[in-house]
Amino acid sequence: MTLMEEVFSVKLGKMKVEILATESLGVRSMSCLVTAGSLRILIDPGVALGPRRYGLSPHRREVQTLWERWFGIKKALRTADIVVITHYHYDHFNPQEPGLFRGKILFVKDPERRINSSQKRRASAFLPELSGIARIEIADGRVFSFGGVLLRFSEPVPHGETVKRGYVIQVLVEHGGFRFLHTSDVGGYPLEGQNEFALFWAPDLIFLDGPSTYMAGGCVPEKAMGNMAELLRSGRLKKLVVDHHLLRDVSWKQRVKDLVEEARKRGVDLLTAAEFMGTREMPLEARRKELYFR
């Protein structure tokens, strides 16, 4: 069975969550498809590769996986009713095929407010391409209802520890008493108050971007560790899927061992996206040296 033939989906109550691409599945991304009732919501339809790791360009296996994951995202795009773009980094959206968004409702990060210059340029080039083919809604801090499905968007929060890389919006999907949160690139919530949206809405399932330990000498910011642990104490959280930036570190589990132990004590399943989907882990970028030299 090839990657393109695998079916990744987990049904939780009246909602189905399918993680299409992320680091434990071989690429840079946080793309997922949420089916709530008859509504199909695609979050962050983008995929990318780390240009250089360990002084090495992406291995051919990474390139192959990139195209396979993008194939899956395109397939989901064709059947999605709603598309969410939490910010304008290329591992979260792809501006190259605007026709894929024809007939969709797009909820996007505000391209003018609380945005850095590079993302503003990307948004200003991309969004006009969708004029007349898609309905575009600025999502920051807003709530939208589609029958029995609610989409709640956070106000913009910093992309990781500083605002140099811009801001992102988080999205909560609620249906049938079940809540799913996609955090976007929060980097493990390293700043004071960055996790307030998650704490207030107390999701059952969170897809969390973990800290960028691969760029910080293996260190997890103390505040990030505390804020991530705080999520586990809500009393409602059942599964915490931690992936994206954290899974670029081969030793990620050791870096967050205290969080893993806290989750065990609280009865919360702490998983990578691959574990959540019931498939093998493929952190290809983190293992790039092995791919070249094994």
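Yes or no: residue 160 under 29 Å from residue 231 (Cα atoms), out of contact with any Lys or Arg (no Cβ under 6 Å at 6 or more places or on another chain) and surrounded by fewer than 17 Cβ atoms within 10 Å (Cβ to Cβ)?
no
Quick grid of which residues meet (1) part of a loop (DSSP other than H, G, I, E, B); (2) surrounded by fewer than 21 Cβ atoms within 10 Å (Cβ to Cβ); (3) at pLDDT below 95:
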position	(1), (2), (3)
69	no, no, no
72	no, no, no
83	no, no, no
87	yes, no, no
92	yes, no, no
95	yes, yes, no
113	yes, yes, no
118	no, yes, no
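So which residues in the stretch 146-175 are in a loop (DSSP other than H, G, I, E, B) and either more than 21 Å from residue 221 (Cβ to Cβ) or touching a His at 6+ places or on another chain (Cβ under 6 Å) (or both)?
Kept after step one, since they are in a loop (DSSP other than H, G, I, E, B), are these residues of the stretch 146-175: 147-148, 154-156, 159-166, 169-170.
Scanning the stretch 146-175 gives 147, 148, 155, 165, 166, 169.
Name the residue, out of 125, 139, 134, that is under 15 Å from residue 90 (Cβ atoms), at pLDDT 95 or above and among the aliphatic types (A, V, I, L, M).
The match here is 125.
In this structure, is residue 140 surrounded by 14 or more Cβ atoms within 10 Å (Cβ to Cβ), among the charged types (D, E, K, R), part of a loop (DSSP other than H, G, I, E, B) and touching an Asp or Glu at 6+ places or on another chain (Cβ under 6 Å)?
yes
With (1) surrounded by 20 or more Cβ atoms within 10 Å (Cβ to Cβ); (2) under 25 Å from residue 163 (Cβ atoms); (3) over 20 Å from the mean Cα position of the chain (by Cα) as the list, and residue 263 as the residue in question, which single condition is left unmet?
It fails just one condition, (2).
Restricting attention to the stretch 176-202, report how many residues are part of a loop (DSSP other than H, G, I, E, B), more than 19 Å from residue 109 (Cα to Cα) and in contact (Cβ under 8 Å) with a residue 40 or more places away in the chain.
3
The values are calculated or read from the model by the stated rules, or taken from the named source; none is laboratory data. Note that the coordinates shown come from a computational prediction; the quantities given were computed from them, not determined experimentally. In this analysis, Cβ positions are derived from the backbone assuming ideal geometry, glycine residues included, and neighbour counts consider all displayed protein chains.
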